[in-house]
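Okay, structure first, notes after.
The values are calculated or read from the model by the stated rules, or taken from the named source; none is laboratory data. Note that the structure is predicted; figures quoted are calculated from it, not measured. In this analysis, Cβ positions are derived from the backbone assuming ideal geometry, glycine residues included, and neighbour counts consider all displayed protein chains. Side chains included, ligands, DNA and RNA excluded: accessible areas come from the protein's heavy atoms. Shrake-Rupley method; radii C 1.70, N 1.55, O 1.52, S 1.80 Å.
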Amino acid sequence: MGSHGIPRVGATFDKSEQARDKEWKQIAQYQALEKDVVGRVNAKDYSDATFQLTSQLLTQNPEYYTIWNYRRLILQDVFARELAAADHPSEQGAAAADKAGLPPAQHEILLLIKEDLQFLIPLLKQYPKCYWIWNHRSWLLGAATKHLLARGAVELWQGELGLVSKMLGLDSRNFHGWGYRREVVQAIERLSGGGDEGKGSGGLVEPEFAYTTKMIQSNLSNFSAWHYRSQLMPALLSSRNADTAARQAFLDAEFELITKALYTDPYDQSLWFYHQYLMATLNPSNAQAPPILDPCGAAEHLQYLDQEIESVREMLDGAEDCKYIYQALLEYSGRYLELAPEGEGKVTVTELKEWLRELRKIDPLRDGRWRDLEGKMKL
Amino acid sequence: MSLAAGPGRGHIAEGQLPEEMKLVVDKHVAYIQSLDTRRDELEYHLTEHLRIGGIYWGLTALHLLGQPDALPREGLLEYVRSCLHEDGGFGAAPGHDAHILYTGYSVQILTMIDGFEALEEKMPDGKHKVATFVANLQQSDGRFAGDQWGETDTRFLFSAFYTLSLLGYMPHQRPSEPPIIDVPAATAYIKACHNFDGGFGVAPGAESHSGQVFTCVGALSVAGELDSYLGEEGKDRLGAWLSERQLGSGGLNGRPEKLVDVCYSWWVGSSLAMIDRLHWLDKAKLTAFILQCQDPEQGGIADRPEDMVDVFHTVFGIAGLSLLGYPGVGEVDPAYCMPKHITAKIQRP
């Protein structure tokens with residue numbers, strides 16, 4: 001949203017006569033362009049001239065969604081005409097198509113799509129959170145997939161992987177980018193014939209997992225990357241045909257990774273969410289965190305709760321004012337006591353009360369929640 | 001999404017202490033009334049693709065501020081009807097293509113101004129036609145597209161649910177007729193967007209985001225499945241994630257490590273209200289934050305102090321205050337973002 005977070009400077013509302021005049025001219029120009037485009041499209045004038053006018057209008061206002069619709073109408077018309085004219089290609093067209101290994105119509109369509117993808121790039125860089133721009137890109141790739149042979153389409157999709165990596169490099173929290181990345185990966189896997197039932201497992205899961213490792217290493221505080229990492233795990237382990245031992249080694253490595261990160265910055269919320277995720281995979285009542293271990297029963301759950309309560313306890317040293325540590329201790333201890341009510345001396349009620357007291361002191365904003373927690377845990 | 005911004009900026013009035021800030025009702029009413037008069041600004045024209053949204057946001061704010069008639073009803077009716085297409089969908093402005101989002105806003109406006117009779121005058125069997133437009137956008141896996149061009153998003157699913165509910169075309173509202181949408185498939189899709197941290201994303205696999213939490217929780221609420229699906233444990237988990245959105249300034253952010261923004265007072269606040277955990281926020285600090293985002297002289301509310309105001313942040317700041325029980329602000333329905341006394345008439349599942 002252009003109205004989020006950018007303190008707009010420079011717009012003065014005590015405008016001089018000159019400034020008002022200039023603005024009126026801009027309005028007149030914009031409206032004239034708009035009228036021209038709308039008039040042409042209503043008259044079904046899907047010429048290249050009209051197409052260029054939509055480029056002009058969209059560059060001025062990429063959120064004018066109706067004009068993106070018009071642009072697609074024109075493209076669809078061109079594609080249809082290309083396919084209809086397939087029997088009579090031009091000499092030039094035929095030669096270029098031959099070189100590319102594509103029938104002439106498909107070659108033309110590919111060129112047009114590539115051109116439009118190029119057109120989008122500066123717009124995407126300027127408005128990286130505009131739904132309509134990402135959507136048009138999706139549509140273009142969809143059209144390519146529909147009209148070209150799988151080989152031609154896959155190449156385009158692979159290009160998109162590079163594009164989205166660039167965009168995520170510019171803003172690693174852009175959820176449009178992450179969503180598009182998921183779409184791209186699924187498409188490549190589906191078109192490459194890899195993975196099962198189009199669910200996209202196998203294929204790119206290893207490089208994608210490696211990508212999250214790279215993102216995390218360059219910036220620990222990247223919730224989106226940690227989230228994507230968590231989403232890839234089930235498919236990753238299944239594609240590795242990971243057995244009991246391999247799965248345990250994997251989980252242990254992830255705990256090691258996140259613990260190291262937490263020691264670097266225990267005040268980073270994203271890291272605690274990832275730690276929570278790993279713990280959630282052990283908890284059968286969290287359907288959104290499928291198990292990593294196999295088998296994964298109460299014994300395993302207890303074992304890791306035990307281990308992590310100890311580990312998190314140690315983090316208190318030097319970070320006694322870190323609310324996330326107390327939250328984690330209370331959450332995991334609570335679960336531990338549910339599974340092993342005697343507690344086996346692991347956690348005492350005194351400790352729990354102390355942690356809760358500290359938490360309420362450090363985090364008064366959420367006092368309503370801590371009072372409820374107190375009641376729920378019977379402290 | 002850009003909106004005609006300003007002229008005001010969020011700030012505390014000169015000579016006033018933060019604790020003394022009040023909601024400047026009259027200024028906000030005047031601000032909303034002035035929005036359609038700014039045709040000498042380029043930005044007014046550049047935001048035409050959002051116009052019906054702007055009207056819904058402005059009208060809702062006026063209702064909550066106790067001034068439901070501050071925008072002339074005839075003008076609103078005429079405008080909404082001019083956005084109607086033959087297929088029953090509404091565009092953002094006259095001549096703009098039909099889309100589920102703008103259809104939703106139009107139906108909300110018609111509900112608030114009691115305009116369905118006028119709709120039928122323009123389009124016989126209008127409610128049914130609009131409901132059909134919405135229903136036709138459901139895909140085979142339960143999700144909803146925005147229009148014929150196929151973009152899907154949980155926002156569109158929520159739009160579909162609340163729009164049909166306002167029109168009286170949700171299957172539970174017409175039990176003796178064949179259902180025009182597949183509710184179980186739709187709610188299954190929402191559940192596929194549910195994450196381990198309790199939140200919801202824009203699509204399966206996407207990270208939790210407050211906006212999507214609102215649309216998913218709202219949709220489940222409209223379908224009557226919220227309590228049965230989440231249960232107390234699910235509500236605790238989601239409530240925890242939502243409560244963490246509140247930062248030291250008292251304001252709320254949309255997801256971890258992001259900046260505060262007044263509109264999250266709504267997306268986060270209403271979600272917490274729907275799962276009975278609004279008390280997990282510091283209400284006083286949030287109230288103070290919202291009030292600091294007002295322009296006390298020129299009216300309107302901004303996303304955060306010092307930024308420029310716009311109608312989107314104005315309604316969500318006011319709706320947030322309603323949830324927080326700010327005196328004098330009308331009661332808002334947390335699922336519909338409309339006055340509660342109006343949505344009370346909807347037949348629930």
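Annotations
- Residues in the stretch A:337-348 that are surrounded by 13 or more Cβ atoms within 10 Å (Cβ to Cβ) and either over 39 Å from the mean Cα position of the chain (by Cα) or not in a helix (DSSP H, G or I) (or both) were compared, and the one that is modelled with the lowest pLDDT is A:343.
- Verdict on residue B:198 being assigned to a loop (DSSP other than H, G, I, E, B) and without any contact (Cβ under 8 Å) to a residue 24 or more places away in the chain: no
- Residue satisfying all of: in the stretch B:196-239; at the interface with another protein chain (Cβ under 7 Å from one of its Cβ atoms) and open to solvent by 10 Å² or more (accessible area, probe 1.4 Å); nearest to residue A:131 (Cα to Cα) among these: B:202
- Checklist (1) farther than 18 Å from residue B:346 by Cβ; (2) of a type in the set (Lys, Arg); (3) free of Cβ contacts under 8 Å to residues at least 24 places away in the same chain applied to residue B:174, failing item: (1)
- Of all residues assigned to the stretch A:311-327, none qualifies as being of a type outside the set (Val, Ile, Thr), touching a Gly at 6+ places or on another chain (Cβ under 8 Å) and open to solvent by 10 Å² or more (accessible area, probe 1.4 Å).
- Helices (runs of 4 or more DSSP H) fully within the stretch B:1-85 that include at least 1 residues being within 22 Å of residue A:34 (Cα to Cα) and of a type in the set (Phe, Trp, Tyr): B:42-46, B:73-82.
- All positions within the stretch B:216-268 that are more than 24 Å from residue B:203 (Cβ to Cβ) and within 17 Å of the chain's Cα centre (by Cα): B:262, B:265
Conditions (1) within 25 Å of residue A:186 (Cβ to Cβ); (2) within 14 Å of another protein chain (Cβ to nearest Cβ), marked per residue:
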| site | (1), (2) |
| --- | --- |
| A:59 | no, yes |
| A:92 | no, no |
| A:99 | no, no |
| A:105 | no, no |
| A:113 | yes, no |
| A:120 | yes, no |
| A:134 | yes, yes |
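- Residues of the stretch A:252-309 classified as within 21 Å of residue A:337 (Cα to Cα), open to solvent by 10 Å² or more (accessible area, probe 1.4 Å), aliphatic (A, V, I, L, M) and in contact (Cβ under 8 Å) with a residue 12 or more places away in the chain, total: 2
- Where residue A:204 falls short, out of the listed (1) among the aliphatic types (A, V, I, L, M); (2) open to solvent by 20 Å² or more (accessible area, probe 1.4 Å); (3) in contact with a Ser or Thr (Cβ under 7 Å, 6 or more places away or on another chain): (3)
- Subset of the stretch A:358-371 (residues that are open to solvent by 20 Å² or more (accessible area, probe 1.4 Å), within 8 Å of chain B (Cβ to nearest Cβ) and out of contact with any Gly (no Cβ under 9 Å at 6 or more places or on another chain)): A:364, A:367
- Scanning the stretch A:208-239 for residues that are polar (S, T, N, Q) and open to solvent by 20 Å² or more (accessible area, probe 1.4 Å), we see that the one that is nearest to the chain's Cα centre (by Cα) is A:231.
- Pairs are defined by a Cβ separation below 7 Å, a sequence spacing of at least 6 or placement on different chains, a first member in the stretch B:95-116 that is of a type outside the set (Phe, Trp, Tyr), and a second member that is in a loop (DSSP other than H, G, I, E, B) and open to solvent by 10 Å² or more (accessible area, probe 1.4 Å); the pairs so defined are B:97/B:147; B:98/B:85; B:98/B:87; B:98/B:147; B:99/B:147; B:100/B:137; B:100/B:147.
- Among the residues making up the stretch A:40-65, those that are open to solvent by 40 Å² or more (accessible area, probe 1.4 Å) and either of a type in the set (Asp, Glu) or outside any loop (DSSP other than H, G, I, E, B) (or both) are A:40, A:42, A:45, A:48, A:49, A:52, A:56, A:59, A:60.
- Residue satisfying all of: in the stretch B:175-195; β-branched (Val, Ile, Thr) and in contact with a Leu (Cβ under 9 Å, 6 or more places away or on another chain); most open to solvent (accessible area, probe 1.4 Å) among these: B:180
- Here B:333, B:310 are screened, and the one residue that is buried (at least 24 other Cβ atoms within 10 Å of the Cβ) and either closer than 30 Å to residue B:169 by Cα or acidic (Asp, Glu) (or both) is B:310.
- Looking across the stretch B:240-267, the residues that are open to solvent by less than 10 Å² (accessible area, probe 1.4 Å), within 19 Å of residue B:294 (Cβ to Cβ) and more than 9 Å from chain A (Cβ to nearest Cβ) come down to B:251, B:252, B:262, B:265, B:266.
- Among the conditions (1) assigned to a loop (DSSP other than H, G, I, E, B); (2) free of Cβ contacts under 8 Å to residues at least 12 places away in the same chain, the only one that residue B:147 does not satisfy is (2).
- Of all residues in the stretch B:306-342, those satisfying the criterion of being more than 14 Å from residue B:267 (Cα to Cα) and within 13 Å of chain A (Cβ to nearest Cβ) are B:306, B:307, B:308, B:309, B:310, B:311.
- Taken together, A:210, A:235, A:143, A:153 contain a single residue that is touching a residue at least 60 places away in the same chain (Cβ under 8 Å) and small (Gly, Ala, Ser), which is A:143.
- Residue match in the stretch A:281-299 (condition: farther than 30 Å from residue A:239 by Cβ and within 14 Å of chain B (Cβ to nearest Cβ)): no
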